[in-house]
Each structure stands twice: as C-alpha cells, then as structure tokens.
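Structure first, commentary second.
The values are calculated or read from the model by the stated rules, or taken from the named source; none is laboratory data. Since this is a predicted model, take the numbers as computed values, not measurements. A quick note on method: Cβ atoms are made from the backbone with ideal geometry, for glycine too, and the neighbour counts reach across all protein chains shown.
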Amino acid sequence: MPNGKGALECCYCIHYKGQWSGYDAAHEPGLCTYHNAALPGTTDTHLNRICCNFSSNDDYDKHNPLFESDGRLKRISPEERFSWFKTPLKAGMLYVFSYNVPASLKEFVKLAD
C-alpha cells in the first residue's frame, strides 16, 4: 500500500463524486452522495478521510494489495481495516487519519445530523 493506495479513503467509496476518480481523487474535495454533503479536501495534510458509511468501489479492490496469509493470497477487507480504529465511528461524522497510523483517527467535520 505505497502512499496509501488501496487504504480506506473517501475516493474508494461508491458514494464519492468529484472531478477525479480512483486514487487520483484521494484527498481532493468532492461530494458524498450518501450524506449529500461537501467533502473538504485534505491535499495540504494528505490525511485520509472516512466515515462509517464507507462502501468500497471497484478501485478499492484494484488498488488493495494482496498479501499472504496462511499460505493463501488475500486482500484486506474494509471491515478488517475499520477494526484497526480504536473507537467506533459516529454516524454523520467525517474523520481523518494517516493511512499508516489508524490510531491517529480524529473527527474532522460533521456531514449530517
């Protein structure tokens, strides 16, 4: 997962709409169609954005690296990645974190009431 490619990020969610697609949209402003809310960009900090309503798109699987587990190749599911956060995500809240430090998760902006 060099540079966060294939990690949890709004750009890999089916609800993300923006000028760019796939990893090109990482950290770029866009729209969350689930919450019907503007997504602020994080290009200045390169923090990944995420909410509890993440639903992976095709690019997530394409960019999610394979690794060997018990002699089998597998990808890390969004559910497994969510388990790395130390706290449950609140509904309607957009969070940011460093892709390689899930414990750095913090609230960013409220998307919905």
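Of all residues in the range 1-24, those that are without any contact (Cβ under 8 Å) to a residue 24 or more places away in the chain have Cβ atoms under 7 Å from Cβ atoms of residues that are assigned to a loop (DSSP other than H, G, I, E, B), 6 or more apart or on another chain, in 17/33; 18/28; 18/29; 19/28; 20/28. Filtered by the rule that a residue be under 15 Å from residue 15 (Cα atoms) and either without any contact (Cβ under 8 Å) to a residue 60 or more places away in the chain or over 14 Å from the mean Cα position of the chain (by Cα) (or both), the range 40-90 gives 49, 50, 52, 53, 54, 55, 56, 57, 58, 59, 60. Those strands (runs of 3 or more DSSP E) of the range 61-113 in which 3 or more residues are modelled with pLDDT of 90 or more and aliphatic (A, V, I, L, M) occupy 93-98, 101-110. Scanning the range 54-90 for residues that are under 20 Å from residue 30 (Cβ atoms) and of a type in the set (Gly, Ala, Ser) gives 55, 56.
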